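The structure under discussion is supplied below as structure tokens; questions concerning it will follow.
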Amino acid sequence: MAKTRGTIVVNVDRCKGCDLCVVACPTHVIELHPEDVNDKGYHYARLKNFTDCIGCTACGTVCPDGCISVYRWKD
């Protein structure tokens, strides 16, 4: 049986670090970057664990600024 995997691409310049995607992620693979900030001074979202993303789109759905694109594929 094929396993669904995914990844996200974050538009770092638009991300305001609201943390909604982090809370919405069922597999807890998204975090706000602990050190780096974007040009607006916000800690931006990033995928911290590439192997456990399931591509569920929860993060992209809750993002108020549309900063997250989700990609899915089957292994």
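Out of all the residues in the range 47-75, which are part of a strand (DSSP E or B) and surrounded by fewer than 17 Cβ atoms within 10 Å (Cβ to Cβ)?
Those that are part of a strand (DSSP E or B) and surrounded by fewer than 17 Cβ atoms within 10 Å (Cβ to Cβ): 69, 71, 72, 73, 74.
Have a look at 57, 51 and point out the one that is within 24 Å of residue 72 (Cβ to Cβ), over 10 Å from the mean Cα position of the chain (by Cα) and of a type in the set (S, T, N, Q).
The match here is 51.
Report, by residue number, each residue of the range 24-46 that is within 12 Å of residue 8 (Cβ to Cβ), β-branched (Val, Ile, Thr) and in a loop (DSSP other than H, G, I, E, B).
Across the range 24-46, the qualifying residues are 27, 29.
Quick check on the range 9-31. Is at least one of its residues at pLDDT below 95 and exposed (fewer than 12 other Cβ atoms within 10 Å of the Cβ)?
no
The values are calculated or read from the model by the stated rules, or taken from the named source; none is laboratory data. All figures in this text were calculated on a predicted structure; none of them were measured in a lab. When we count neighbours, we look across all protein chains shown, and the Cβ atoms used for this are built from the backbone with ideal geometry, even at glycine.
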